[in-house]
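The structure appears below as structure tokens.
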Amino acid sequence: MAGRPRPQPHSPSSSTRRRERWLVVLGVALHAVYMLSIFDIYFKSPIVHGMDPVPPRLSAAPAKRLVLLVADGLRADKFFEPDERGRYRAPFLRGVIEEKGRWGVSHARPPTESRPGHVSLIAGFYEDPSAVTKGWKANPVEFDSVFNQSRHTISYGSPDIVPIFCSRVPHSTWDTYPHEYEDFATDASFLDHWSFDQFQGLLNRSFHDVKLRQLLLQDKLVIFLHLLGCDTNGHAHRPYSSIYLNNVKVVDQIAESMYNLMENYFKDNQTAYVFTADHGMSDKGSHGDGHPSNTDTPLVVWGAGIRSPKFLAYTEKPDDGFRFVDDHKHDAPTPQDWALEGFERVDVNQADIAPLMATLVGLPCPVNSVGSLPTQYLKLSKADEVEAVLANTKQILNQFLRKSQLKQSSSLYFKPFKPLANYSSVLSQIEDLISERDYETAMKHSEELRKMALAGLHYFQTYDWFMLMTTITLGYIGWMVNLILHVLQSYTSFPAILLKKAQLYPKNTSMKVYIGGCFFMCLSSIILLLEKSPVLYHAYVFMTIFLWTRIVHNFEFLKAVWREFSNMPFKYALNLLISSAIAVLVLEFLVMSFFDRKIYTWCFLVLGILGSTYVAFFIEASPALAIYIWLACWFLSVFTLMPAEIPENNNLVILSGALIILIAVASRWANSNCTSFWLYLTRANKRDSQSSKLYFAQVILVAISSIMVWLSTSHRSQNRELHSLHQLINWSVAGAAMVLPLFSPPSVMSRLTSIFLGFAPPFLLLSIGYEAVFYSAFSMVLIGWIFVESANLYCSEESGSARRRSLVDGSVFAYEERHLQLSDLRIPLLFVILFNVAFFGTGNFASIASFEISSVYRFITVFSPFLMAGLLIFKLFIPFMLVICTFSAITKIVRIPRLGCYFLVILLSDVMTIHFFFLVRNTGSWMEIGNSISHFGIVSAQVVFVLLLFALTNIYTRDIVVSSRQLTARKVM
């Protein structure tokens, strides 16, 4: 951005505004489409169709029927460890481990949510992460499962889980309880009893219903009870609470009752039982990430076809390098307090349970399963064991062959997976070994072929990576270049002669450029159509070609800009280079902060010192301002040292209400100051009585919200239910508080103080701990930013020397917006920093498990996922809205175009977006993979996110009036 001694007034033309609207639309579309690219690159759905099931060639099925008990949200350690009195919470299942069956830990793969967990248990594959967002009550895609393959399935449980697997299975009997039963204010263990009671009632009816009795007596019967109590109680009361721990005893009792019921009814010892969980529960009552508390779940298997316990002398096994899907090492030592070291522990990946269940009742493995059959659980003859493993291998190999066939049929240049080029000869060799009864060698070859088939599946999952990553990277770079071109053309003070030369672009050459772009689009479209590529592939390529066509069209302007920069003095070129380097370093620092939020502590400790020093020595403002900047930055630096899992402390929330009122009183007092830089922040006319009444009304609402925090919490803790009157008051106070700022005086300090008070009540009512104090600390830093910009502007106008005016770009000569200057880059850069502090100031916004559901209990306790999620998101948005309101006020104070700064904000964000695009991971722990997706999504969505917040906060800031020192400035001139 070219510098000039005197910034000139800037008023964008109507053509510029039209171009900006299209640019915003293009940016929103581009980021929306490119955000989806990581799912095509890293997390494409593994499901393919067209394979035939492979039934195992067993002499006889080990069991006639299977019972699957899934205790939703049950973590392994709380299941296996003793209570405070040394008694085990699951005595029946512990007796099974010691006397009847086998046990281990099932390792779940994040996202550790109920839907993907049950899909991996019952269908044997790991859904791509995007499937979590596609719906809970129906399959987003058709997939095979153990239930599909069964002769009949009986299922009872949650309305969010059971219909996924049974609603489209004609040979199924199922029922669910109403959503209203999932009340977080009650003990949810009755949900588990409901599922068992329904099945018990079914068996009782069968004594009088001949058809039902015949249905129950047939083979290949699967019974599934979904037990939601632990999950609901874990969310509401935490997994270390007495209610949750008692629910562990409840599911054990249900397992015992189910066993006794089945054995007394059928009396044939032909039932196999599998007890496990879909995911665990973190200490703060959430799940979703890859922490062991979420991924480690118990697995107990017993009954027909299951081996008896195997006693082993305890020896610590060395790490053999194998990793489960949650990146935990193989043969991890069993905690001593479980007292199970002597009983062989067989850990599995969660998807391995599907082939285990299928084999137990003689069913084919689900056709999309990637689970490996854990033979250590099965009591089979050597011949049957090899046949079961071979069937599992063929089923995975069929998926590989189908993917290879589909890719070969659509690729102009196909690259096969060479290690499996001779798969047919390996299969023949295995069959020969089985015929020769060399079962050990046949087993070894089958397992090796299975591993190779899984590697082949991964190869075809990543087949298009190079082409897609190259296209997306070029697209992002093209978008950023287009943003720079627009800002240079529309918001900077380049000489008119340069713009005139740049616009003398021959029309025929311009047409040639666009015709060439259309030619490349058509060519790429033909290639993609021949390869039968998805529609999104076309969108990626088209957008990239379109962006680079626009760049080529502006090639002459780019040459003119380069000549202009080349002719500038070395001092300005150095200044540009240093500014760019600082911006890149700051952005890289922000990228690092996504992985360690404590970096912000050091940032604000240093910023406090540098900011106060700059104010004291360079701006030469009052010492009080320098001290304020120092204290505000250091106060804010404390919060990123605190745990992301916010501990409950209602006293802090109540005290923060008093702090908010104190800050508002100080702001009110400061608003009466009409000297120095306060001239920009206040209005000359006296405050009328109406504004005073509004101020006191807002203070009263903050006080009421603090009182309601105490009342609502104490009432709920005593009665375990939120009073409806309290809910009504909380909703009314929050709603009224956010409306009042619209009626506040339009001066900068009056309006921002009113906005600060207006969003305080809902934030307090949605807070449970130290994040309420963060609201005040964050606001103090934002106010300090306004003070520094105003003082900087005031001092630049006070100085009469031309040298000082040439160094400071903030001089205001009229009400019109002026051109952007190089030093104005500090404003969008500071905005990006503070915007990220709003993300990570009180937690890890990028983590699925970072949302504290108890934050909404003062408004609602009956489970309502959309309303609860809306309240949580609104709470997280409040700090962002404060940042944008402050940003809008600053652009008005220094008279720079807000939309021009918005484009610079997006430009800076997209530097981070490209970095995070390459940091998306598909290896290592799934907690890291999930976070990398969140990081990329957050920065990529900022083009829409910031724009929407701009539009929302514009309701509060559009009529802000900044007092002018125009006459004073002209006298100085």
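The values are calculated or read from the model by the stated rules, or taken from the named source; none is laboratory data. As the structure is a prediction and not an experimental result, all values here were calculated from the model. Cβ coordinates were reconstructed from backbone atoms using ideal geometry, including for glycine residues, and neighbour counts include every protein chain displayed. Accessible surface areas use protein heavy atoms only, side chains included; no ligands, DNA or RNA. Shrake-Rupley method; radii C 1.70, N 1.55, O 1.52, S 1.80 Å.
Quick look at the values:
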{"item": "Any hit, region 124-133, residues being at pLDDT 90 or above, more than 15 Å from Ile223 (Cα to Cα) and within 29 Å of the chain's Cα centre (by Cα)", "result": "yes"}
{"item": "Restricting region 76-120 to residues that are basic (Lys, Arg) and within 20 Å of Ser369 (Cβ to Cβ), the residue that is surrounded by the most Cβ atoms within 10 Å (Cβ to Cβ)", "result": "Arg109"}
{"item": "Failed item in (1) outside any helix (DSSP H, G or I); (2) of a type outside the set (Phe, Trp, Tyr); (3) open to solvent by 40 Å² or more (accessible area, probe 1.4 Å), with Ser533 passing the rest", "result": "(3)"}
{"item": "Qualifying residue in region 701-711 (condition: surrounded by 14 or more Cβ atoms within 10 Å (Cβ to Cβ), closer than 24 Å to Ile663 by Cβ, of a type in the set (Val, Ile, Thr) and at pLDDT 90 or above)", "result": "yes"}
{"item": "Flag if Glu387 is closer than 30 Å to Trp302 by Cβ, within 42 Å of the chain's Cα centre (by Cα), open to solvent by 20 Å² or more (accessible area, probe 1.4 Å) and not basic (Lys, Arg)", "result": "no"}
{"item": "Test: Arg57 is more than 30 Å from Val939 (Cβ to Cβ) and not aromatic (Phe, Trp, Tyr)", "result": "yes"}
{"item": "Helices (runs of 4 or more DSSP H) within region 149-251 that include 1 or more residues of a type in the set (Gly, Ala, Ser)", "result": "190-206, 229-237"}
{"item": "Meets criteria (part of a helix (DSSP H, G or I) and either at pLDDT 90 or above or within 24 Å of Phe916 (Cβ to Cβ) (or both)) for Thr509", "result": "no"}
{"item": "Answer from Leu631, Leu605, Leu610, Leu585 - the residue that is modelled with pLDDT of 85 or more and closer than 23 Å to Leu757 by Cβ", "result": "Leu631"}
{"item": "Residue pairs meeting the criteria (Cβ under 6 Å; at least 6 apart or on separate chains; first in a loop (DSSP other than H, G, I, E, B), in region 324-338; second modelled with pLDDT of 70 or more and among the acidic types (Asp, Glu))", "result": "Thr334/Glu341"}
{"item": "Single residue of region 935-965 satisfying the filter (of a type in the set (Val, Ile, Thr) and over 20 Å from Val28 (Cβ atoms)) that is nearest to the chain's Cα centre (by Cα)", "result": "Ile955"}
{"item": "Residue list for region 82-110, filter: β-branched (Val, Ile, Thr) and either over 39 Å from the mean Cα position of the chain (by Cα) or over 18 Å from Asp347 (Cβ atoms) (or both)", "result": "Val96"}
{"item": "Failed item, numbered, when Ser424 is tested on (1) in a helix (DSSP H, G or I); (2) surrounded by 17 or more Cβ atoms within 10 Å (Cβ to Cβ)", "result": "(2)"}
{"item": "Filter pass, Pro110 being more than 30 Å from Gly285 (Cβ to Cβ) and either touching a residue at least 40 places away in the same chain (Cβ under 8 Å) or not in a loop (DSSP other than H, G, I, E, B) (or both)", "result": "no"}
{"item": "Subset of region 170-187 that is more than 17 Å from Phe199 (Cβ to Cβ) and hydrophobic (A, V, I, L, M, F, W, C) - its residue that is farthest from the chain's Cα centre (by Cα)", "result": "Ala185"}
{"item": "Qualifying positions in region 455-479 - aliphatic (A, V, I, L, M) and surrounded by fewer than 18 Cβ atoms within 10 Å (Cβ to Cβ)", "result": "Ala455, Met467, Met469, Leu474, Ile477"}
{"item": "Residue within region 190-202 that is touching a Phe, Trp or Tyr at 6+ places or on another chain (Cβ under 7 Å) and open to solvent by 30 Å² or more (accessible area, probe 1.4 Å) present", "result": "yes"}
{"item": "Residues of region 390-413 satisfying the condition of being under 36 Å from the mean Cα position of the chain (by Cα) and assigned to a loop (DSSP other than H, G, I, E, B)", "result": "Ser411"}
{"item": "Among (1) in contact with a strand residue (DSSP E or B) (Cβ under 9 Å, 6 or more places away or on another chain); (2) at pLDDT below 80; (3) under 19 Å from Ser493 (Cβ atoms) - the single one Phe863 does not satisfy", "result": "(3)"}
{"item": "Residue match in region 515-525 (condition: outside any helix (DSSP H, G or I), modelled with pLDDT under 90, farther than 24 Å from Val911 by Cα and not hydrophobic (A, V, I, L, M, F, W, C))", "result": "no"}
{"item": "Residue tally, condition in contact with a Phe, Trp or Tyr (Cβ under 7 Å, 6 or more places away or on another chain) and either open to solvent by 50 Å² or more (accessible area, probe 1.4 Å) or among the charged types (D, E, K, R) (or both), over region 565-599", "result": "1"}
{"item": "Near pairs, Cβ below 8 angstrom, 6+ apart or cross-chain, from region 346-364 (under 12 Å from Phe125 (Cβ atoms) and part of a helix (DSSP H, G or I)) to any residue that is aromatic (Phe, Trp, Tyr) and open to solvent by 10 Å² or more (accessible area, probe 1.4 Å)", "result": "Ala351/Tyr126"}
{"item": "Long-range neighbours under 9 Å by Cβ, at least six apart or interchain, first residue more than 12 Å from Lys249 (Cα to Cα) within region 73-89, second open to solvent by less than 20 Å² (accessible area, probe 1.4 Å) and in a strand (DSSP E or B)", "result": "Arg75/Thr297; Arg75/Pro298; Ala76/Val105; Ala76/Ser106; Ala76/Thr297; Ala76/Pro298; Ala76/Leu299"}
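Yes/no per residue for (1) modelled with pLDDT of 85 or more; (2) open to solvent by 30 Å² or more (accessible area, probe 1.4 Å); (3) among the polar types (S, T, N, Q):
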site: Leu867; (1), (2), (3): no, yes, no
site: Met881; (1), (2), (3): yes, no, no
site: Lys892; (1), (2), (3): yes, yes, no
site: Ser909; (1), (2), (3): yes, no, yes
site: Phe917; (1), (2), (3): yes, no, no
site: Ser932; (1), (2), (3): no, no, yes
